[in-house]
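Report on one structure; see the data block that follows.
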Amino acid sequence: MRSKAVVGNWKLNGSLAANEVLLGALLREIPREGPVACAVCVPGPYLAQARSVLEGSGVAWGAQDVSRFDKGAYTGEVSGTMLADFGCRYAIVGHSERRTIFGEGDQAVAEKFAAARRARVTPIFCVGETLEEREQSRTESVLARQLDALLEHCGVVELDGAIVAYEPVWAIGTGRTAKPAEAQEVHALIRGRIAEKDATIAASLRVVYGGSVKAANAAELFAMPDVDGGLIGGASLKADEFAGICAAADL
Ligand code: PEP
């Protein structure tokens, strides 16, 4: 049995004052112990604050990106060991906003995944197709390309214990959620592709769904057999919504 994971992605949002309120509410609303792995991925400058509020709670914290380099002359980068220094459990890699707005390609994303692994930070590896790709029936080939780049660079063993997030680009921040059956179909494809390399790793791998998940639609998505939780953008900025989504993962 795979346990579920619900991870918030705050994106470029927050302030010391607002975070204090949001994190404090999460502390109150999310149980300290339970079967669901809950976490928030906050902007880098707020990692220390997240650690100081969340340490010892039922909510872990992480980053939204990681450098593919470990150290050196790479202005603006933040390494995996730096994230580990701040107690990060997770780092998102290959979010579609990084792929499209910041031009990150499959190879760079695979290198970031490897860098997180080297630092013992769990990568959350995002894949997903655009609306145009879906309409052209290219969902499977796009996902295969994204996954294969990772598998070729890192090897399937590196996926053991990592998280894959299926985030259809057309569902991110749009209010348009994939139907549970649509999500299930793609999650099964992802797991199947990895099972071709290693069935045991594929069976234990958490594949979470991201794209306009709310407390009101989380339970039906998480009830799908291959949906192992969620990566949550907008709704992670509201404590009651996020806590509701975490609770829906424990039904
Ligand atoms: C995301 O950015 O990873 C995401 C899923 O966003 P939203 O939940 O707002 O669609």
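Each reported figure results from applying straightforward, stated rules to the coordinates on display, with no laboratory input. Note that this is a predicted model, so its numbers are computed, not measured. So basically every Cβ, Gly included, is an ideal-geometry build from the backbone, and we count neighbours across all protein chains shown.
With Cα atoms defining each centre, the stretch 1-59 and the stretch 192-207 are spaced 28 Å apart in the structure. Summed over qualifying helices (DSSP H, 4 residues or more, each -39500 (n - 2.57)) and divided by its residue number, the chain shows a 222 nm mean residue ellipticity of -12500 deg cm²/dmol. The longest part of the chain holding none of the exposed loop trypsin sites (Lys or Arg not before Pro), meaning those outside H, G, I, E and B in DSSP with at most 11 other Cβ atoms within 10 Å, is 72-251. With the convex hull of its Cα atoms as the shape, the chain has an orientation-averaged projected area of 12.3 nm².
Among Gly87, Gly211, Gly14, the largest mean-square fluctuation in a Gaussian network model of the chain (Cα springs under 10 Å) belongs to Gly14. Put simply, the amide H of Ile232, placed in the peptide plane, has neighbours under 5 Å in Val7, Gly8, Asn9, leaving out anything fewer than 5 places away on its chain.
Taking amide H as placed 1.01 Å from N in the peptide plane, the amide H of Ala165 sits under 5 Å from that of Phe125, Cys126, Val127, Val208, each at least 5 places away or on another chain.
Approximating the spin labels as points 7 Å out from Cα along Cα→Cβ, the Asp148-to-Leu131 distance works out to 2.8 nm.
Using alpha carbons only, the radius of gyration of the stretch 137-219 set against its Kirkwood radius gives Rg/Rh = 0.98. Please build a GNM for the chain, connecting alpha carbons under 10 Å apart, and tell me which residue among Ala63, Ala25, Ala239 fluctuates the most. So, out of Ala63, Ala25, Ala239, the one fluctuating most is Ala25. A Gaussian network model of the chain, with springs between Cα atoms under 10 Å, assigns the largest mean-square fluctuation among Val156, Val208, Val66 to Val156. Distance between the C-alpha centres of the stretch 154-179 and the stretch 81-120: 14 Å, rounded to the whole angstrom. Annotation: amide H of Thr130 within the under-5 Å range of Val169, sequence separation 5 or more or interchain, hydrogens built in the peptide plane. Within the straight-line cut-off of under 19 Å between alpha carbons, the aspartates and glutamates reachable from Lys112 are Asp65, Asp70, Glu77, Asp85, Glu97, Glu104, Asp148, Glu152, Glu158, Asp160, Glu167, sequence neighbours fewer than 8 places apart in one chain being disregarded.
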